[in-house]
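Heads up, the thing below is written out as structure tokens.
All of the numbers you see were taken from the coordinates with simple rules; none came from a lab. The shown structure was predicted, so the numbers you read here are calculated from the model rather than taken from an experiment. Every residue, glycine as well, gets a Cβ built from its backbone with ideal geometry; the counts of neighbours run over all protein chains shown.
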Amino acid sequence: MYQESDDKINGSGKTDTLIFIVLIVFFLFAGTVATVLKNSFNSNIPIYILAAMLAALLYIIYRLRIVGWRYTVFYKEPEAQYDPRFDDYIIHEDYPYPVGTVVIERTVSAKGSVIAVISKEDIVALLDAGAEYSADSEMVCGSRKKELSFSLVYTQNNKKVRLFFNPTEEFKKYLRGVMEK
């Protein structure tokens with residue numbers, strides 16, 4: 001099994017600290033401006049505008065830092081490992097899907113919800129970014145635009161689906177290995 005994540009949560013501590021400092025400065029500045037405007041106009045509308053700006057900022061942080069995609073390919077059978085408790089080679093992993101399956105998940109923080117489970121028999125092609133292909137439907141499962149994303153074409157209910165995603169070269173190598181078997 002090979003799994004990779006396309007989320008942005010793995011940022012450095014410096015960027016997280018910088019975002020935190022910018023948020024504190026923004027809240028102090030926005031609070032000061034809202035208080036001055038409230039006193040000047042004798043109205044609560046600046047407070048509502050501040051709340052809307054806060055909600056928009058939190059949504060932007062949510063989209064840029066917390067949400068992502070996880071790609072998994074089961075490319076070989078799990079290997080037996082020696083376990084001294086039983087004095088024998090034991091398979092410790094038990095895959096939830098058969099070998100050759102590709103699983104695409106949408107992640108929020110570290111928890112994922114499965115978007116697509118594609119068996120080896122259903123895979124039609126792995127296309128480079130910008131390649132043309134006619135499909136019945138399309139799914140975007142990555143953070144980049146469709147034009148910049150690789151695509152996996154598979155069949156589902158006798159229809160061709162084109163799934164746009166952003167795998168690494170290692171993931172594509174394992175996926176091509178699965179497709180060749």
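In table form, for the structure just shown:
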{"item": "C-alpha long axis of helix 13-41 to longest principal axis of the chain, angle in °", "result": "30"}
{"item": "Whole-Hz ³J(HN,Hα) from phi, Karplus 6.51 cos²θ - 1.76 cosθ + 1.60, for the range 167-181, glycine and proline x", "result": "x, 7, 5, 5, 4, 5, 4, 5, 5, 5, x, 5, 5, 6, 6"}
{"item": "Exposure proxy ranking, count of Cβ atoms within 10 Å, fewest first, for T168, T155", "result": "T168, T155"}
{"item": "Helical mean residue ellipticity (222 nm; -39500 (n - 2.57) per DSSP H run of 4+; nearest 500) of the chain", "result": "-11000 deg cm²/dmol"}
{"item": "For V124, distant residues with modelled amide H under 5 Å away", "result": "V153, Y154, T155"}
{"item": "Student exercise, the range 70-180 dipole from Lys, Arg, Asp, Glu Cβ charges, in Debye to nearest 20", "result": "660"}
{"item": "Kirkwood estimate for the chain, i.e. one over the average of 1/r between Cα atoms, Å", "result": "19.9"}
{"item": "Cβ-based exposure ranking for R162, R176, in which fewest neighbours within 10 Å come first", "result": "R176, R162"}
{"item": "Fewest-first sequence of L175, L57 by Cβ atoms within 10 Å of each Cβ", "result": "L57, L175"}
{"item": "Entries of K111/K160; K76/K145; K146/K172; K14/K111; K14/K145 with Cα pairs more than 22 Å apart", "result": "K111/K160; K76/K145; K14/K111; K14/K145"}
{"item": "12 Å beta-carbon shell around K159, net charge (K/R +1, D/E -1)", "result": "-1"}
{"item": "Cα pair distances in the range 13-90, grouped into 5 Å bins until the bin that holds the longest one, percent each", "result": "3, 11, 12, 13, 9, 7, 6, 6, 6, 5, 5, 5, 4, 3, 2, 1"}
{"item": "Counting DSSP beta bridges with both ends in the chain, the antiparallel % (nearest 5)", "result": "90"}
{"item": "GNM result for the chain, Cα springs below 10 Å: residue of L54, L126, L148 fluctuating most strongly", "result": "L54"}
